[in-house]
Each structure stands twice: as C-alpha cells, then as structure tokens.
Amino acid sequence: MDDFEKELRAGFLEEAAQLLSDAEQSFLSLEANPGDATILDKIFRLAHNFKGSAKAVGFEQLGAFAHVFESFLLKVKNGDVERSTAVISLLLRTNDFLTASVTALQGDMAAVLQDSELRTELEAGIRGEFGATAEPVKGLGEAVASFNSENTDVPATSGADEEAPTAEDAVALMALETDRRIQKELDAIEASASEAVPVTAAPAAFGGPAKAVAEESIRVSTHRLERLINIVGEMVILQTVLREQVYSTDPTLLRRTAHQLGKVTKEVQDISMSLRMVPVKQTFQKMQRIVRDTANVLGKKVHLHLQGEETELDKTVLESISDPLVHLIRNAVDHGIENSERRASHGKPVEGNVHLSAFHESGKLVIEIRDDGGGIDGAMLLRKAKEKGVLPASASLSEKESVNLIFHPGFSTKQEVSEVSGRGVGMDVVRTNIEMLQGEIQIQTEVGKGSTFRVILPLTLAIIDGMVVRCGEERFVIPLAQVHESMRPAVGDVHFNVGLGEVLLLRGECLPLVRLGTVLGRKPQREVTDSIAIVIRSTGKPYALLVDDIVGQYQIVIKKLGAELARLKIFSGSAVLGDGRPAFILDPPELAKISVPTAPPVRNKIIAERMAS
Amino acid sequence: MNKGAAGAVSGASERYLRFSLGEEEFAIPLLRVREVIAVPDVTPIPQSPNYFLGVINLRGQVITVVDLRTKLGIKPLNSSEMAVVICDLGSISLGVVVDSINSVVTPRAEDISERPELKNQKASEYITSVYRHEKGMVLLLDITRLFSFEDQNTAGRANQTGKAA
C-alpha cells in the first residue's frame, strides 16, 4: 500500500466515523417515529455512501459487510421487515460494529473484521427470518473480541480469562451504545473492568453519541505558509517605514513605499486566497480506483481519462462534491458503458471510455463526466416510471424531462440490483448535494453515443482575471477567459443586414455584433470605428461585443449579487475596481441569449419605450 | 425581528429611526438599521427599475442603494443633509436614500394608531402604523415588505418579455 492509498483510507475512516454517528442519530429517531419514511431514506443514503466509499478505498471486507447491511435496510425500507424495537436494536448493533471496525481500522489498516455473527443475523433478516436473534451482548462481544486479537492497537489484557477482552471492548463501545438492554447487562461487567479506561478513550475521540461538531481543518503546504509569513513580515517592515515617512517632506519616497506596500498586499491576498483552494487532483485520482474496481466487478473494460486535475476549488466545495462524483462515475461505468458484446455488436471498440474533466467557465467551475456508452433512453425511462407508478400512465413528458427522471428518488433503470448500483438512491442524492452547493447538474445524452453530465459549481471565493471595459460613463468587467480577441473595426467591417442585424466581418467570418450600449438600453453611441469589438467564442455561437473602450486588465474579486439583483441575468456578479467603485461583471453567454440580433427599427422602438417609461 | 402592524401597535418600547423623505416624515425600526453613511458615488444598475439608484462599495461589500422617494412617488428635497441608511433585511443589505436623518424615537403605545385604510395610495400598503407627536405625524414603514422584491421581479419579467416582443 503506498502513501497515497494510505492517505485515502485515512480520509475515508474520518468521514466514515462522521457518517456512522449521523446514522446512529437517525436510527434513534426512527425508533421514535417508525412511520417516518424520510428518516429511512436518509439512513439508506448514509449506508449507500458508506458502502461506496469503503469499496473505493479498498476496504473490501467492510464494503461487503455494508452491502449486506444495506440490503437489510432496503427490506426495512420497503416494509418487508417490521420496524420493531428488535430490528432497530439489530440496526444499532450493526452500526456499533461498523463504528468499532472503523476505530480499529484507524489503528491498523490491515485489521481483519470478524463480521460473521452479525452478517448471519442480517442475512437471516433479509430472507425474512428475523426473530431468531442471537443474544445481543454475545454477538457484539464476540465480534469485538475476535476483532481485538487481530488488532495490534488495542492492548490485549495479558493472562485475562476468556471474558476479559469482551468486557473491555464492550465498555469501549458503551460510549456509543444506546440500547438500554445491553447497557444494563454491561453495567455488571463494567465494574470488574477498571483497566478498560485507556481503551474507552479511543471511541470517545471521535465524538460518541452526542454528535460533536467537527472542527474543520485544511492541509496547507508549509511552503505556502512560510511564504505567507515572510510576506507578512515584509508588510510589517513597510508599515514601519511608512510611519517614518509620514513626517518626511519627500513625496517620492512615500510614493515608492506605497507602491511597494501595494505589491506586498497583493501577494498576501493571493496567498491567503490560495490557502482555501485545493486542486481537484486527489478527488479525481480517487475515481481511477472506483472505475477500475467497478469495471472489474462488472467484467467491463473501461478507461478513465482525467483532465484539468490542477484546477483549484474551494476545499469545502470539493469535499461536498466528492460523493456525488463517485455516484456519477459509478453510474457512467455501470449504466453508461455497455458490456463488451454489446459494444462489439454496435461497432464500438470493446474498451469504454469515461472522461472526467474540470475547468472554469464564466466564473464557474464545471466538472464534466462524459462516457461513450449507450446513452440514456428517455422513452424507456418514461415507460419505467409509469410501470413503477412514479408517474400516472397518462403523463406525457418531453425527451429532456424524461431523461431528467433519473433524478427521481427511488427510481432505478437497472433491471436488477447489482452490487455496484441500481437501487435508485444515487441520482437524487447527487442532485440534492449539488443543489446544496448552489450548483447545477445538466445532462446531454444521445442514445448509442453516450452521455455527458455537467456539474456546474459557483466559485464564490474566486478571483479571476478580468478585462475592464467602458460603455458610456460606466465600466464593466468581462472575465478574461471569455475574451478571445479584441479589435477596432475598420470602415466597412460592420455590415447591416435585415435578416441578421449587424454583423462584423472578421477575416472572412461573419460574427453577429452586439452593442453593449443597446443591450443596456442606451441610445446608439459613437461610431463603430471609434469602438472596440470584443470577440467572444466561449459561448455556443461566437459573437462580437461592441464596447466604447478597454480600460485595462485587473485581478477581480468576484462579489455575489444580492437577492435584489438576482434577476439581472446578464451580470454574473460585481467587483470593486481600483478606484473603490463597484462595477458589474458581464456574463457573455447570457448576453448572447438576450440580444438575439434584431433589426434596428425594433430595437429603436424598445429604446423609445424605455425612454418614455 | 419583523414586527407586523399588530406588533408595532402594541410593542410600545421599540425604537425607531426617524427620517424625512421630501416634506414627509417616516420611521423604520432601529433594529433594521446597520449604519448611516453620506451619499457615496454610485454605479448605476442597467435594466433595473428606476428607483434602483445603483451599487456602492461599502468597505469591500457591494450594496444596492434604492431611492425610496422615487419608489413612493415623493418629490425629493435634495438637501445637503441627504444620507444613505444601510438596512439589514436578513439575507440582504440595502442602502436607502433619505433627505435627512432626524432622530431616534421611542413612541409610547398610546401615540401609535393604525394606518388609515386608503386603498388607492401607492405607499399605504407599506405603512404599518402612524405615530403622532406634538409637531405632526410620522409614518412607520414596513421595510421588509417594501423590499420584498416580488413586485420588482414581476416588473423585471414584464420588461424582458417586452424586449422579446
């Protein structure tokens, strides 16, 4: 196991501990309201996440056990198993076992879990034979005891009788144990196990039943931190210099210091912003493993191609996007890529391809998952939805709406439940998680050709390079990434055509010309030859935006628009310029949408209307 | 925090910031006021209703400034005492231009009466109640209602469709 893998596993264990403590709370509330379906849905999601992540990082045994657990949960969810106290107890014990396992694995990653006892019980439950329950304490105790012998981290009590390790670990588990019945039985054992104190410390460290608020932390390279400290030191010195110079009569000295201070401040800003940003690399590489393992299980050959791994994203956003990405990637491999025979019969190479890429687009981060599989058949989805009773039989949906059915909770397109996916929990979780981040998910699909999932995330903290342009007295920012080129049109470059509106002839290409002033509702301004045309190609259709002048290029800190301005779609945000005044950041794709070239008489009419109102 | 009409009538000890719009006096709950600043340079907002004066940079935060006088149809005085009241409306902060800031008042319950029902007055739906004092009367404004932005959103949509047509 290399360091990287170890890191992944350690990360998973930390996450798992949190998932399990969430799950425990849910089990308890389920006991209180057995009828509440939303609680079960939540538990189910947690278990599903747990299973997926465990497998992804290579904890096969834990994953396999979680799979059994999940299957049992499904029975409970569907009402095949009665939600009695005994069932809840079993669920809680399973949860405790998983928690203990995670703790043990944190000590020693090679620990082998003795899960047979609980597994048998769960499997019996799945078959519908619940009731022949093993004595809870025995099951738990034994599992933990055998656990203990494999685990180098927990000191075995030397010369203790057979019961001693059981007691010891049972006490350890007490921190999490909520089943009163078990607790009562353990009370007696606890009294005789005073040496158990050091062991109790381990589970207590990750919270216990009272869910501790996880302290958020971030890993920053010491190199970055040192640079920050150095720069701050420089700033302090400059401040001292400045204080001295306040009394000097030489303005050039002062100017020079101010200039230097400006440079240093910019550096401080850059570094401090970069502290929160982490490259998507680690998350992306995790996906390699997922694709490989998923493909192996399914007997498929799939290649994952990564792109834009260096793209940086706010750490908290990245963490929350990790699980949805796992789902999307698994889905691409499982549902997207067809099996080898099918691919061969469709004349495709046997090896499937999944492309995972990250890039910035108009101040947003886009993560794209593209597969060359079979695509999504909207009509088939619609049919299934009707069969399952998700939709009334009379419902008619557009192709796009049908495809979006995959986001419906409890909807799975797979004919049978596989180990990999097909329980229908994935996509609605994916969408919920993404929407929680103010993001958006889009699907493009073509039957037989493949599907593309685009996850679009806002970069709230981002700093971008912006081109500041002027239109009349006002200044606007265009994200530099959107600017393809800028030029001053010569006489004869701009033509008017009744069908197209104004067009700019650029090296033989015909680009629609959009006057920014007109979009903003101003009267036609100066001559075209006096203005600057900015060519935008990032949108589907390239166009030229006509502005009065270019002011310059600056680093822009994006500020979100308040709710009162949210309807102004042509602006993606605002920024404070060098003179301290705010300016709006234009969103070129939106601009292209609202300014469909129309003939001038119509435009003039609108302007006239605006003037009148 | 949001006290409706009933709350304002009974809750006697609430404090209000009294200001003038044109010749008239208004007041808003002091708890809604974050700060009062001089009128700064504003950057106009294209494609927005006429009472949207523009955006300002308030110590790194970009805040929209609206002109209540335009919104309520009051003739501005444009006095030298003009100020911007930065209001805290929960999720958003908003600057409101006023002709002058007068004082902070704590009206007694018996001095507050319910607003007269006048259906056709543009501003009446934003007025929660009326505070009478020796020199005249002050209209207590429901600032959250005033800027709920529902009306403005529909106005925006109407504008858009007008454009498309």
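The values are calculated or read from the model by the stated rules, or taken from the named source; none is laboratory data. This structure is a prediction, so every number in the text was calculated from the model and none was measured. Because the Cβ atoms are built from the backbone with ideal geometry, glycine has one as well, and the counts that use them run over all protein chains shown.
Just to verify a result, which residue in the stretch B:26-55, among those that are aliphatic (A, V, I, L, M), farther than 19 Å from A:LEU520 by Cβ and surrounded by 20 or more Cβ atoms within 10 Å (Cβ to Cβ), is farthest from the other protein chains (Cβ to nearest Cβ)? So, considering only residues that are aliphatic (A, V, I, L, M), farther than 19 Å from A:LEU520 by Cβ and surrounded by 20 or more Cβ atoms within 10 Å (Cβ to Cβ), the one farthest from the other protein chains (Cβ to nearest Cβ) is B:ALA27. Looking at the stretch B:65-80, is at least one residue within 13 Å of another protein chain (Cβ to nearest Cβ) and part of a strand (DSSP E or B)? Yes, because at least one residue in the stretch B:65-80 is within 13 Å of another protein chain (Cβ to nearest Cβ) and part of a strand (DSSP E or B).
Residues of the stretch A:563-584 that are closer than 17 Å to A:VAL514 by Cβ and either free of Cβ contacts under 8 Å to residues at least 24 places away in the same chain or of a type in the set (A, V, I, L, M, F, W, C) (or both): A:LEU568, A:ILE570, A:PHE571, A:PHE584. Inspect all residues belonging to the stretch B:94-102 and state whether any of them is in contact with a Lys or Arg (Cβ under 6 Å, 6 or more places away or on another chain), closer than 17 Å to B:ILE143 by Cβ, at pLDDT 85 or above and not aromatic (Phe, Trp, Tyr). Looking for residues that are in contact with a Lys or Arg (Cβ under 6 Å, 6 or more places away or on another chain), closer than 17 Å to B:ILE143 by Cβ, at pLDDT 85 or above and not aromatic (Phe, Trp, Tyr), one finds at least one in the stretch B:94-102, hence yes.
The one condition from (1) part of a strand (DSSP E or B); (2) more than 14 Å from every other protein chain (Cβ to nearest Cβ); (3) under 37 Å from the mean Cα position of the chain (by Cα) that A:LYS541 does not meet is (1). The set of residues in the stretch A:65-102 being among the hydroxyl-bearing types (Ser, Thr, Tyr) and either without any contact (Cβ under 8 Å) to a residue 24 or more places away in the chain or outside any helix (DSSP H, G or I) (or both) consists of A:SER84 alone.
Could you tell me whether any residue of the stretch A:514-523 is in the same structural domain as A:ALA592 (by TED's automatic domain parsing) and in a strand (DSSP E or B)? Yes, there is a match, as at least one residue in the stretch A:514-523 is in the same structural domain as A:ALA592 (by TED's automatic domain parsing) and in a strand (DSSP E or B). The criterion of being without any contact (Cβ under 8 Å) to a residue 24 or more places away in the chain and surrounded by fewer than 22 Cβ atoms within 10 Å (Cβ to Cβ) holds for A:ILE39. Scanning the stretch A:340-391 for residues that are among the hydroxyl-bearing types (Ser, Thr, Tyr) and in contact (Cβ under 8 Å) with a residue 40 or more places away in the chain turns up A:SER340, A:SER357, A:SER362. With the structure loaded, tell me whether A:THR413 is at pLDDT 75 or above and not assigned by TED's automatic domain parsing to the domain that holds A:VAL519 or whether it fails that test. So A:THR413 fails the test. Sub-7 Å Cβ pairs linking a first residue in the stretch A:227-253 that is in the same structural domain as A:LYS266 (by TED's automatic domain parsing) to a second residue that is small (Gly, Ala, Ser), at least 6 apart or interchain, are A:LEU228/A:SER272, ordered by first then second residue. The listed residues are B:THR70, B:THR128, and the only one of them that is in contact with a Phe, Trp or Tyr (Cβ under 9 Å, 6 or more places away or on another chain) and either surrounded by fewer than 20 Cβ atoms within 10 Å (Cβ to Cβ) or under 28 Å from A:ALA566 (Cα atoms) (or both) turns out to be B:THR70. Is it the case that the stretch A:41-60 has a residue that's farther than 28 Å from A:LEU318 by Cβ, part of a helix (DSSP H, G or I) and not acidic (Asp, Glu)? No; the residues of the stretch A:41-60 include none that is farther than 28 Å from A:LEU318 by Cβ, part of a helix (DSSP H, G or I) and not acidic (Asp, Glu).
Among the residues of the stretch A:496-523, write down those that are away from every other protein chain (no Cβ under 14 Å), over 42 Å from the mean Cα position of the chain (by Cα) and exposed (fewer than 13 other Cβ atoms within 10 Å of the Cβ). Selection gives A:PHE496, A:ASN497, A:VAL498, A:GLY499, A:ARG507, A:GLY508. Considered as a group, the residues in the stretch A:570-602 that are modelled with pLDDT under 80 and either touching a helix residue (DSSP H, G or I) at 6+ places or on another chain (Cβ under 6 Å) or of a type in the set (S, T, N, Q) (or both) include one that is surrounded by the most Cβ atoms within 10 Å (Cβ to Cβ), and that residue is A:SER595.
Answer yes if at least one residue in the stretch B:113-124 is in a strand (DSSP E or B) and either away from every other protein chain (no Cβ under 12 Å) or loosely packed, with under 14 Cβ neighbours inside 10 Å (or both), and no otherwise.
yes
Would you pick out the residues in the stretch A:346-371 that are hydroxyl-bearing (Ser, Thr, Tyr) and either in a loop (DSSP other than H, G, I, E, B) or farther than 13 Å from A:PHE284 by Cα (or both)? Can you show your working first?
To start, the set of residues in the stretch A:346-371 that are hydroxyl-bearing (Ser, Thr, Tyr) comprises A:357, A:362.
Passing the criteria: only A:SER362.
Criterion applied to A:GLU502, A:GLU509 was being farther than 14 Å from A:LEU545 by Cα and outside the structural domain of A:ARG431 (by TED's automatic domain parsing), and the one residue passing it is A:GLU509. Looking across the stretch B:88-111 at every residue that is more than 14 Å from every other protein chain (Cβ to nearest Cβ) and crowded, with 20+ Cβ neighbours inside 10 Å, the one that is farthest from B:ILE74 (Cα to Cα) is identified as B:PRO107.
For the stretch A:550-578, filtering for residues that are facing another protein chain (nearest Cβ under 9 Å) and closer than 16 Å to A:VAL468 by Cα leaves 9.
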